[in-house]
Amino acid sequence: MKTRGVSRRFVPPLGRFCDLDFNRSNYCRNVWQTGAQMGYKNRNGPAIPSRHVTGLMRICLFEPDIPQNTGTILRMAACFGLPVDIIEPCGFLLTSGALKRAGMDYLEKADYIRHADWRAFVEAREDGTVPGRLVLLTTKGAEPYCDFEFRADDILMLGSESKGVPDQVHDYVDARVVIPMQPQMRSLNVAMATAMTLGEALRQTNSFPKRVE
């Protein structure tokens, strides 16, 4: 199933406190939106042209719990011109004040697809909506991220802050990488881990935006 842009009709925010069945019955399972279309600035204004194209590196958030982290990651993705996949349910509403404060006005320019659940994300990969190799950042990864050979169209996947990803996701992904840390430390903040790994991936693939002098 292809994604559908939503420009002049507000889509109700999803989250653990919302009725996902309502979403599935009234909207397609995978909804492409920009921040402006979510109503962060001008809900009824003109649609922002889609930059959701193939061949770009992507960030994927699996059932995120903390809106500040998601807002920070959406801001970073907007700065680098990268799309984001959000696999729901989330632990917060996508219109939460905490997400807006972290993302600031960059949310207007953020491109992302909201997937109703893990199955919907897998379907999007199978039909070509979400192309690329799926690389999971995990403390259970065997290969340090700096030693991993990234590709320009990789999907960098981050698990939920509270519980990571389930075994079925670990088994499904194409690769698993880890950020080496001191043995007694549990994990890094998910937004910081995203920034570290994304920076290395963009460096390796020469995919940083070109500077305009």
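Give the Debye-formula value of log10 I(q)/I(0) at each listed q (0.16, 0.23, 0.24, 0.26 Å⁻¹), with one equal scatterer per alpha carbon of segment 87-162, two decimals each. Here log10 of I(q) over I(0) equals -0.83, -1.24, -1.25, -1.25.
One way to sum up the overall shape of segment 89-213 is the equivalent ellipsoid from its Cα gyration tensor, whose semi-axes run 22, 20, 18 Å, largest first. Once each part is reduced to its C-alpha centroid, what is the distance from segment 91-166 to segment 179-213 in angstrom? For segment 91-166 versus segment 179-213, the Cα centre distance is 14 Å. Taking other C-beta atoms within 10 Å as the exposure proxy, M76, M104 rank M104, M76 from fewest upward. Between E149 and H170, the contour length at 0.36 nm per residue exceeds the alpha carbon distance by 5.7 nm. In segment 86-213, the DSSP beta bridges split such that about 10 percent are antiparallel, to the nearest 5. Give me D for segment 148-191 in µm² s⁻¹, whole number, from Stokes-Einstein with Rh from the Kirkwood sum over alpha-carbon pairs, 20 °C and 1.002 mPa s. The calculation lands on 173 µm²/s. Collect residues whose amide H, placed 1.01 Å from N in the peptide plane, falls under 5 Å from the amide H of I155; neighbours closer than 5 in sequence don't count. Correct list: R58, R133, L134, V135.
Just so you know, all these numbers are worked out from the coordinates, no wet-lab data involved. Because the structure is predicted, anything quoted here is derived from the model rather than measured. With ideal geometry, Cβ positions are generated from the backbone for all residues, glycine too; neighbour counts draw on all protein chains shown.
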